[in-house]
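Right, one structure below, let's go through it.
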Amino acid sequence: MSERFRVVPAAYIVFRRDDRGEDQILLQLRQGTGYMDGHWAVAAAGHVEADESAVAAACREAAEELGVTIKPNDLTPLTAIHRTGGNHQSIDERVDFFFECRSWTGEPRLLEPEKAADLRWCPLDALPGPVVPHERFVFDHLRGGAVPPPILTYGF
């Protein structure tokens, strides 16, 4: 019997706010991670751990990376991306759950400076560059108040 296909699940939180009519998202500048260092990315994201739901992972990651508290009902599902690196390695086969968050407790701040060089609110219509490509794919779907499809694919 052949080995079953496996995917790595991750939760992403797109923190959003309206600043005087400008739609903004909170981004971090990655550094020291070995993956997409020097790219802007969602402010909090991470792997879903064993016996943990994607929602619980999102709340945990926000607390660990930014020091904010999110309640599960503060998260609105945006989309899921099934993506591949195209190399048949399980580490590059992913399902990413993207959530929007407009309400939290605490002031977001970098708690893992070894993994991020900056944290910044950015206009959705004028993002800094470069942005992690699959995340940019989601942001592009959000522009102008659009709602992304429930499921996206990337890299196939």
Seminar exercise, completed: For the stretch 55-99 the number of residues that are under 12 Å from the mean Cα position of the chain (by Cα) and either among the small types (Gly, Ala, Ser) or over 21 Å from Phe139 (Cα atoms) (or both) is 4
Exercise. Scanning the stretch 60-97 for residues that are of a type in the set (Val, Ile, Thr) and modelled with pLDDT under 95, which turns out nearest to Pro108 (Cα to Cα)?
Worked result: Ile91
Exercise. Counting just the residues of the stretch 11-54 that are among the acidic types (Asp, Glu) and either free of Cβ contacts under 8 Å to residues at least 60 places away in the same chain or under 19 Å from Val68 (Cα atoms) (or both), which one comes out surrounded by the most Cβ atoms within 10 Å (Cβ to Cβ)?
Worked result: Glu52
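Of the residues Pro77, Pro113, Pro108, only one is surrounded by fewer than 20 Cβ atoms within 10 Å (Cβ to Cβ) and in a strand (DSSP E or B); which? Spell out the reasoning first.
On the way: Pro113 fails: in a strand (DSSP E or B); Pro108 fails: in a strand (DSSP E or B).
Selected residue: Pro77, the only one of Pro77, Pro113, Pro108 that is surrounded by fewer than 20 Cβ atoms within 10 Å (Cβ to Cβ) and in a strand (DSSP E or B).
Output the residues belonging to the stretch 125-148 that are outside any helix (DSSP H, G or I), surrounded by 11 or more Cβ atoms within 10 Å (Cβ to Cβ) and out of contact with any strand residue (DSSP E or B) (no Cβ under 6 Å at 6 or more places or on another chain).
The first filter runs over the stretch 125-148 and keeps only residues outside any helix (DSSP H, G or I), leaving 125-132, 146-148.
When the remaining residues are screened for being surrounded by 11 or more Cβ atoms within 10 Å (Cβ to Cβ), the result is 125, 127-128, 130-132, 148.
Scanning the stretch 125-148 gives Asp125, Leu127, Pro130.
The values are calculated or read from the model by the stated rules, or taken from the named source; none is laboratory data. Fair warning: this is a prediction, and the values are worked out from it, not measured in the lab. Neighbour counts are summed over all protein chains in view; Cβ atoms, including those assigned to glycine, are modelled from backbone coordinates with ideal geometry.
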